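*Asks:* Quick one: this structure, given as structure tokens, is what I'll be asking you about.
The values are calculated or read from the model by the stated rules, or taken from the named source; none is laboratory data. This structure is a prediction, so every number in the text was calculated from the model and none was measured. Cβ placement follows ideal geometry from the backbone for every residue including glycine, while neighbour counts extend to all protein chains displayed. With ligands, DNA and RNA removed, areas are computed over all heavy atoms of the protein, side chains included. Shrake-Rupley method; radii C 1.70, N 1.55, O 1.52, S 1.80 Å.
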Amino acid sequence: MARSGLKTGFAIAVAALGLLAAVTAQAARTETFANGIRATVHDASEVSAMCVGKADGSREFSHPLAGTVALDAATRTLYPFDVTFVTNALADMTGFSTDVEVEVFILDGIPTGIGSSFARRGAIFLSPSYAPVDAAITSYITTHEMGHVLTWAFIDGQPGRWDAPRPARAGPRRRRPRSLPCLPRPREPWPRTCATCSAACWLPAASAWKTTR
């Protein structure tokens, strides 16, 4: 009788520990970094728990600070971003001091209609990959999206700030063939290689893209 009670108590304890571990894995973690960024990171298991499934296999989740995001039905194995790599990337951003809060969502599905990581005001959504995402790629994507959050917080309300860095980054612009149209990307203000025309297109900030003449 005593042995039976001991077994039962042990089983309950193990179950409780398992439940505690599951809850801990799904708990958001908030960290404040030396650069002034306060990030609340929601890992893939937490985001998955927020999701509501649909008949076609797609899912959707909502968050009071970040809005609603739809995720495509999975057709292949996906690899979410590593939480440690993400937090390290935010912590390692240097050269500025700020005071901004951001919600970071590590997705376990690909965002419907977007197909990649993206940002909203005060929020970053990191889309999974078809292969494990290493620290370098995680850092590149995370800091890129964090740049959008900083833009919304400190630059959009003061248009003059868009123009301030232009003399330092001004350079020759390259003409592209008119037969290869490029889409406007007003939130990408830096010179970059255009995937459409394979030229260094100039994408001016906060205005429509125009062909160099």
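*Asks:* Work out, step by step, the length gained on full extension between Val52 and Arg38: first 0.36 nm times the residue separation, then minus their alpha carbon distance; give nm to one decimal.
*Replies:* Contour length minus the Cα-Cα distance gives 2.2 nm.
*Asks:* Among residues other than Gly109 whose Cβ falls under 9 Å from its Cβ, what is the net charge (Lys/Arg +1, Asp/Glu -1)?
*Replies:* Taking every Cβ under 9 Å from that of Gly109, the sum is -1.
*Asks:* Run the quick spin-label model on Ala73 and Ala135: label points 7 Å from Cα toward the beta carbon, then report their separation in nm to one decimal.
*Replies:* 3.9 nm
*Asks:* Near His42, within a Cβ-to-Cβ distance under 13 Å, what is the net charge of the other residues, with Lys and Arg +1 and Asp and Glu -1?
*Replies:* Spelling it out: positives minus negatives among the neighbours equals -4.
*Asks:* Just the number please: accessible area per residue for the stretch 91-156, 1.4 Å probe, all protein chains included, in Å². Intermediate results must be reported in sequence, preceding the final value.
*Replies:* Numbers: 2960 Å² over 66 residues.
With all protein chains present, the stretch 91-156 gives 45 Å² per residue.
*Asks:* If you roll a 1.4 Å probe over the stretch 39-162 with all protein chains in place, what percent of the accessible area is carbon or sulfur?
*Replies:* Values: 3180 of 5960 Å².
Using a 1.4 Å probe with all protein chains present, the stretch 39-162 comes out at 53 percent carbon and sulfur.
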